[in-house]
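First the structure, in the form of structure tokens, and then the observations on it.
The values are calculated or read from the model by the stated rules, or taken from the named source; none is laboratory data. Note that the structure is a prediction, hence the values are computed from the model and not measured. Ideal geometry is used to build each Cβ from the backbone, glycine not excepted, and the neighbour counts take in all protein chains shown.
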Amino acid sequence: MALMTVSQFATELKMPAPALLEQLAKAGVSKEATNDSLSEQDKTRLLDYLRKAHGDAVPKAKITLTRKQTSEIRASDSTGKARTIQVEVRKKRVFVKRDTSELAAEAAAEVPAEVHRLLRLPQLNLSLPLLWPPLLFPK
């Protein structure tokens with residue numbers, strides 16, 4: 001853990017040192033001058049304060065991924081003139097983080113269904129002869 005001063009940390013964050021001192025004071029870290037040293041614990045305390053202030057204390061349960069793909073298609077019209085058409089395909093996927101209790105309940109419900117499916121044997125119709133005569137003597 002390298003100790004650094006408030007001014008060094010401010011230049012690393014690309015912000016003015018007085019603004020960083022103000023944020024540190026709001027976070028409960030007592031630093032008065034720009035040449036005071038900052039520990040990792042002070043930085044963690046500042047980060048926790050900023051997360052709470054901006055509302056990101058709870059991790060997000062939903063992630064949205066968007067993808068855009070562009071391509072060109074050469075097509076000819078009724079007169080035979082070739083044209084290039086720009087095609088843009090947009091895809092959007094949303095991933096939702098589910099609770100572990102919900103996953104466990106769902107897995108418990110799937111197991112009996114799978115067992116019932118595997119144990120269900122086809123019922124044989126014994127009224128028909130087992131070997132059909134044309135199968136015994138092919139032409």
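List of remarks:
- Residue match in the range 27-50 (condition: under 33 Å from the mean Cα position of the chain (by Cα), of a type in the set (Val, Ile, Thr), modelled with pLDDT of 70 or more and exposed (fewer than 10 other Cβ atoms within 10 Å of the Cβ)): no
- For the range 40-79, the set of residues classified as of a type in the set (S, T, N, Q) and in the same structural domain as Glu102 (by TED's automatic domain parsing) consists of Thr64, Thr66, Gln69, Thr70, Ser71, Ser76, Ser78, Thr79, listed by residue number.
- Residue list for the range 18-36, filter: more than 13 Å from Tyr49 (Cβ to Cβ) and not in a loop (DSSP other than H, G, I, E, B): Pro18, Ala19, Leu21
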